[in-house]
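J.: Take a look at this one; I'll ask things after.
The values are calculated or read from the model by the stated rules, or taken from the named source; none is laboratory data. Only a predicted model underlies this, so the values are computations on that prediction, with no experimental measurement involved. Cβ placement follows ideal geometry from the backbone for every residue including glycine, while neighbour counts extend to all protein chains displayed. Keep in mind that these areas ignore ligands, DNA and RNA; they rest on the heavy atoms of the full protein, side chains included. Shrake-Rupley method; radii C 1.70, N 1.55, O 1.52, S 1.80 Å.
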Amino acid sequence: MKQSVMTSPGSIEFRDIPVPQPGAGEVLIRMKRIGVCGSDIHVYHGKHALTPYPVVQGHEVSGIIEKVGASVRGLKTGDTVTIQPQVTCGTCYPCTHGDYHICDSLKVMGFQTTGAGSEFFAVAADKVLKLPAGMDLEHGAMIEPAAVAVHALGRAGDVKGRKILVLGAGPIGNLVAQTAKGLGAAAVMITDVSQFRLDLAGECGVDARVNVAGADLSAAVRERFGESKADLILECVGSQQTITQGVAAARKGTDIIVVGVFGDKPTVDMGTVQDRELRLIGTLMYQVQDWKKAIDLVEKGKIRLAPLITDHFDFADYKKAYEYIDGHRERAMKVMIVVEK
C-alpha cells in the first residue's frame, strides 16, 4: 500500500509498505478521506515544535473497517468510522482525573505518532467512533474539527443565552460560531479580514459578520451586543492581531478562550488582562463526549459542514494540497484529501 510521509518541512514522499494486519483490540480501516488542518500546515512549514520528522500526517479522517482484530466488540467489517487521534498514557495525573486529553505524555496521530495518511490504517478499536448510517464520509472526516469547537465552548460552561464573539472565520472559527448557535447562544458575531470567509459563515447561518479590515471591532461589538458587549470571546486564528483585538474588545470580567494554534509566540497586554480581570482560557483538542455531541449537532442540522469543503485533491497529490493552501489562504477552507473514491 501507499503511505504519505513528510520527510522534512516542505517535503512529502510516498512509500510502499505492507498492508498492516490488525492485532488484538485493533481494527484495520480502509481510508477514504483526510482533511487538512491548520496544524498540519504548521508542520509543513516546520513551525510545530512538538512534531519530529519524518511524520505520517492525517488526523481528520474517515474510512470503512476492512478487518476486525480479536476481542473487538461493537465494531464490524463495513462500518463507516472516524478516529479519535489521541494516544495517552492512562497513568499520569490528568489521565487519572478525567482529563486524558491533556495527558502529560500526550501523543497525537499525525504529529508525535503515525497518522492515518495511508491507504490502510490499523488502530486501537477504542479510538474508533462509528459514524451514523448515511453520514457522508467527508462529513465524517470533519467530526474532529467540530469536536474541537464543542470542547472549546465547553471550557466556558453552558453558553445558552449568551452573546458570543468569535475572532476568525476560518474552518475552526466557523465551526465554533455554528456550534455556539447550535448550543443555544443568544447571539453570535464572527470576524475576519476575508470577505469570502465571512460570506461563507453567512451561508452557514452566522448572521452577524464583521470585516475588521475596514471596521472598528469595538464599535461593531457595541452596536450588535450593546454596552454590555460580548459575554464570551473565542480567539480562533492564532495570531498577534486577533489576540490583541480580543483583549481590547473585552468588557471587564470576560473570558477569552484561546482556540487558535499559534505558530509564533504572541505578546499579550497583561496590564489590561489584570486591570479588567479578564481570564485567558486554553483549550486543547477534545474528549469522546465532545465527538458524540458534534455528531449529534451535525445529524440535527445545527452544524453545516458541506459549505466548508472548498477543495479536493487525490491522495497522490498530497503535497499539491499543501501548496494550494499556501497560495489560496483566503479561499481554501477545508481541503479534503481523497484517499479512495
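J.: Within 25 Å of I102 (Cβ to Cβ) and basic (K, R): which single residue out of K334, K252, K292, K300 fits that description?
T.: Working: K334 fails: within 25 Å of I102 (Cβ to Cβ); K252 fails: within 25 Å of I102 (Cβ to Cβ); K300 fails: within 25 Å of I102 (Cβ to Cβ).
Going through K334, K252, K292, K300 in turn, the sole match is K292.
J.: Does the range 289-312 include one or more residues that are within 24 Å of S11 (Cβ to Cβ) and either open to solvent by 70 Å² or more (accessible area, probe 1.4 Å) or not aromatic (F, W, Y) (or both)? I'd like the intermediate steps shown before the answer.
T.: Just the residues of the range 289-312 that are within 24 Å of S11 (Cβ to Cβ), to begin with: 311-312.
Then drop every residue that is not either open to solvent by 70 Å² or more (accessible area, probe 1.4 Å) or not aromatic (F, W, Y) (or both), which leaves 311-312.
Yes, the conditions are met somewhere in the range 289-312.
J.: Collect the residues in the range 83-98 that are surrounded by fewer than 16 Cβ atoms within 10 Å (Cβ to Cβ) and either of a type outside the set (V, I, T) or closer than 17 Å to V148 by Cβ (or both), keeping them in residue-number order. Full working, then the answer.
T.: Step one: of the range 83-98, the residues surrounded by fewer than 16 Cβ atoms within 10 Å (Cβ to Cβ) are 89-91, 93, 96-98.
Correct list: C89, G90, Y93, H97, G98.
J.: Residue pairs, Cβ under 9 Å, 6 or more apart or interchain, first in the range 211-239 and acidic (D, E), second open to solvent by less than 40 Å² (accessible area, probe 1.4 Å) and assigned to a loop (DSSP other than H, G, I, E, B). List them.
T.: D231/A156; D231/V159; D231/A185; D231/T254; E235/G168; E235/V259; E235/G260
J.: Which condition number in (1) among the aliphatic types (A, V, I, L, M); (2) under 30 Å from C103 (Cα atoms); (3) part of a helix (DSSP H, G or I) is the one that A316 fails?
T.: Against the list (1) among the aliphatic types (A, V, I, L, M); (2) under 30 Å from C103 (Cα atoms); (3) part of a helix (DSSP H, G or I), A316 comes up short only on (2).
Results for (1) modelled with pLDDT of 95 or more; (2) touching a His at 6+ places or on another chain (Cβ under 8 Å); (3) under 25 Å from E60 (Cα atoms), shown as yes or no for each residue.
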| site | (1), (2), (3) |
| --- | --- |
| L232 | yes, no, no |
| V237 | yes, no, yes |
| G253 | yes, no, no |
| K265 | no, no, no |
| G271 | yes, no, no |
| R276 | yes, no, no |
| R279 | yes, no, no |
| T283 | yes, yes, yes |
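J.: Name the pairs whose Cβ atoms lie under 6 Å apart, with the first residue in the range 313-338 and open to solvent by 80 Å² or more (accessible area, probe 1.4 Å), the second in a helix (DSSP H, G or I) and not β-branched (V, I, T), and 6 or more positions between them or separate chains?
T.: Taking only residues 6 or more apart or on different chains, the pairs are E330/F196; R331/F196.
J.: I'd like the full set of residues that are hydrophobic (A, V, I, L, M, F, W, C), within 19 Å of G202 (Cα to Cα) and part of a helix (DSSP H, G or I), limited to the range 289-313. Please lay out each step first, then the result.
T.: Here is the first cut: in the range 289-313, the ones hydrophobic (A, V, I, L, M, F, W, C) are 291, 294-295, 297-298, 303, 305-306, 308-309, 313.
Retained after the next criterion (residues that are within 19 Å of G202 (Cα to Cα)): 297-298, 303, 305-306, 308-309.
If the condition is that a residue be hydrophobic (A, V, I, L, M, F, W, C), within 19 Å of G202 (Cα to Cα) and part of a helix (DSSP H, G or I), then L297, V298, A306, L308 are the ones that fit.
J.: Pick out the one residue from G10, G63 that is more than 25 Å from E138 (Cβ to Cβ), of a type in the set (G, A, S) and in contact with a Lys or Arg (Cβ under 9 Å, 6 or more places away or on another chain).
T.: On the way: G63 fails: more than 25 Å from E138 (Cβ to Cβ).
Criteria check complete, one pass: G10.
J.: While we're looking at this one, here's another question. Say whether the condition of being surrounded by fewer than 22 Cβ atoms within 10 Å (Cβ to Cβ), over 20 Å from the mean Cα position of the chain (by Cα) and outside any loop (DSSP other than H, G, I, E, B) is met by at least one residue in the range 99-119.
T.: Checked against the condition, which is being surrounded by fewer than 22 Cβ atoms within 10 Å (Cβ to Cβ), over 20 Å from the mean Cα position of the chain (by Cα) and outside any loop (DSSP other than H, G, I, E, B), the range 99-119 yields no hits at all.
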